[in-house]
Every structure is written in C-alpha cells, then in structure tokens.
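The values are calculated or read from the model by the stated rules, or taken from the named source; none is laboratory data. Only a predicted model underlies this, so the values are computations on that prediction, with no experimental measurement involved. Cβ coordinates were reconstructed from backbone atoms using ideal geometry, including for glycine residues, and neighbour counts include every protein chain displayed. These accessible areas exclude ligands, DNA and RNA; they are computed on the full protein's heavy atoms, side chains included. Shrake-Rupley method; radii C 1.70, N 1.55, O 1.52, S 1.80 Å.
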Amino acid sequence: MKNSVISFPDFIRECHEDPAKKAWIEEYERKNGVDVDTRLEEHPFYKDYLSKFNPLYPMTIETVDKPIVHVSHDDVPVCRGLSLMFRLIFGSLSSKYKLCLSDAWLANPEPVIRTKLTIMIDGKDKPDFVTTFDELTVSMVQELFKLYMKEQIDNYLEDDPEEISKLHIQQKERLKEYRELSCWPIFDVTEAYKTVLNLYCES
C-alpha cells in the first residue's frame, strides 16, 4: 500500500471541497478551534483520544498487498496513514476488532511480533461485515477510513452534556480494552512466542 492511499490532510481538503460536507467540517473546525491547515496531532479527537492507542510492543500488522507495516511503542511506523487507520479501528465505538498472532509469525517467530487484525462491523439492516485487514482492497480501506474519520469528528460536534459524558465513559472502556489486549499474554502463547518475548524484554 502506498503512503498516499490514506491521508488525513487530503481527507480534510476533500471535505471542504464537497458541497455536502463543507458546512459539516467547518462547524467542527469552528467549534474546536482548528482549520484546514491544522496538523493531525493538534485535533482534539486525536490529541485527547486516538493518540493514546499506542502498542506496548513493536509489532507488524498484515496489510493489503502484503507490505510490512511496522508499529512501534514510540509510534514511528513505515506508513503514517496506516498508523492512523489502525488507531481509528482500535478507537471506534461503532465496530469491534480482534488481534491475534499471524500464521506467518507462528511459523517463523521473530523479535517483532506479527499480528493479524480482524474488523467486525454491525450490519444492522444487513449482514455483519467481518474481514481481516489484509483482505481489504485499497478502495475498501479508503472507504472505512472516511467512515471512521466521520465518526470521530461527529463525536466532537456533540452538544448534549449527558451524551458527551456517555461518550467519554465509552471511550475510557474502549481504551481499557485495548490496553488489556496489548498485554500480549492474552494471545495463544506458544513456546516460540515465550522465547522471543523473553529475548526482547531482556534486550
């Protein structure tokens, strides 16, 4: 996957150029003190929430077209757009996900843990959407990116204090769930996994 497939600045610019989204994105910017040139890290949905979804150990997540996308505990991925995509998935309140050790890693364990990410979205009036990230086409990744971005921005357009309070509780639960999952022993532990993890922790 090329770096240009997912771009936060491009998403914001497209919203400003789309007559159906222009008023929506401008309302969000006005309410939150940001504009079209504001860096991702300065947006409240990222700064206050998504930035907290940091992996506790270096790992890779299998992706479309099989590139190796590294995600480390200091958040220096090969592809920045995909790093944001993963944070959106982990932080979304509208879908669920599952992380597990990949077959490729189990067959050949290495110090950097390799995982498979499964996404589960409630279909409501249609069948549920369940897929692993490496099965998504580029266009599907782009569409999910836009849906997840809309969800985060909509959260920061809410005015009802009671709804905002509920949202914050849900976000805390989601983050707690992620942090518990990021403590890798929850995965199926093999002897090879134990050995590699011990080597990493000792280095």
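Here are some conditions: (1) touching a residue at least 24 places away in the same chain (Cβ under 8 Å); (2) open to solvent by less than 100 Å² (accessible area, probe 1.4 Å). Ser165 meets all but one. Which one does it not meet?
The single condition Ser165 does not satisfy is (1).
Can you find a residue that is surrounded by 13 or more Cβ atoms within 10 Å (Cβ to Cβ), at pLDDT 90 or above and touching a helix residue (DSSP H, G or I) at 6+ places or on another chain (Cβ under 6 Å) anywhere in the range 57-71?
Looking for residues that are surrounded by 13 or more Cβ atoms within 10 Å (Cβ to Cβ), at pLDDT 90 or above and touching a helix residue (DSSP H, G or I) at 6+ places or on another chain (Cβ under 6 Å), one finds none in the range 57-71, hence no.
Exactly one of (1) touching a Ser or Thr at 6+ places or on another chain (Cβ under 8 Å); (2) modelled with pLDDT under 90 is unmet by Ser4. Its number?
(1)
When you look at Ile113, is it open to solvent by less than 50 Å² (accessible area, probe 1.4 Å), at pLDDT 80 or above and at negative phi, yes or no?
Details: open to solvent by less than 50 Å² (accessible area, probe 1.4 Å): yes; at pLDDT 80 or above: no; at negative phi: yes.
So Ile113 does not fit the description; no.
Quick one: which residue in Lys194, Lys172, Lys176 is farther than 30 Å from Trp24 by Cβ, modelled with pLDDT of 85 or more and exposed (fewer than 13 other Cβ atoms within 10 Å of the Cβ)?
Lys176
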